[in-house]
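*Asks:* Let me give you the structure first, and then I'll get to my questions.
The values are calculated or read from the model by the stated rules, or taken from the named source; none is laboratory data. Quick caveat: nothing in here was measured; it's all calculated off a predicted structure. As a convention, Cβ positions derive from the backbone with ideal geometry for all residues, glycine included, and neighbour counts pool all protein chains shown.
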Amino acid sequence: MMNIKPIRNAKDYGAMLARIETIFDAEPGTAESDELDVLFLIVEDYESKHFPIEPLDPIDFIKCTMELRGEGQKELSALLNSRSRASEILNRKRPLTLDQIRKIAKAWNVPAEAMIHEYELSA
């Protein structure tokens, strides 16, 4: 079992990741499994402070969701009942409305919160 301590630098971080890799397949309920749970928490805390991930803006979120679903502008157009509106939204010419956000969230089972943030429109 590793002597668990906070991550203070890149060397500590690397050592902790190496240890996680070593015990990753630990049987649940074992000391190594408990150690793994604690190490995950420490690494997650370190990474959130040193490697923060900014959330996608609403349009990038929609584009990413479409890509993951294997869909394109055609499907968004059908959902919004307007080909031109889908194009304007994806090209940042027109902001999303609350009704559109609700439709997308419900149809694609994604969080509406990801689409309510302000974002830049194109001129």
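*Asks:* Looking at segment 86-100, can you tell me whether even one residue there is surrounded by 11 or more Cβ atoms within 10 Å (Cβ to Cβ), hydroxyl-bearing (Ser, Thr, Tyr) and without any contact (Cβ under 8 Å) to a residue 24 or more places away in the chain?
*Replies:* Start the filter on segment 86-100 by keeping residues that are surrounded by 11 or more Cβ atoms within 10 Å (Cβ to Cβ), which leaves 86-97, 100.
From what is left, the residues that are hydroxyl-bearing (Ser, Thr, Tyr) are 87, 97.
Of the ones still in play, those that are also without any contact (Cβ under 8 Å) to a residue 24 or more places away in the chain are 87, 97.
The answer is yes, given that some residue of segment 86-100 is surrounded by 11 or more Cβ atoms within 10 Å (Cβ to Cβ), hydroxyl-bearing (Ser, Thr, Tyr) and without any contact (Cβ under 8 Å) to a residue 24 or more places away in the chain.
*Asks:* Related question: Quick one: would you say Asp34 is outside the structural domain of Lys106 (by TED's automatic domain parsing), surrounded by 11 or more Cβ atoms within 10 Å (Cβ to Cβ) and either closer than 30 Å to Tyr119 by Cα or among the β-branched types (Val, Ile, Thr) (or both)? Quick ask: steps written out before the conclusion?
*Replies:* On the way: outside the structural domain of Lys106 (by TED's automatic domain parsing): yes; surrounded by 11 or more Cβ atoms within 10 Å (Cβ to Cβ): yes; either closer than 30 Å to Tyr119 by Cα or among the β-branched types (Val, Ile, Thr) (or both): no.
Criteria not met by Asp34.
*Asks:* Further, regarding this structure: Based on this model, can you work out whether Leu41 counts as in a helix (DSSP H, G or I) and either more than 30 Å from Leu121 (Cβ to Cβ) or not polar (S, T, N, Q) (or both)? Break it down stepwise before answering.
*Replies:* On the way: in a helix (DSSP H, G or I): yes; either more than 30 Å from Leu121 (Cβ to Cβ) or not polar (S, T, N, Q) (or both): yes.
Yes; evaluated as a whole, the condition is true for this residue.
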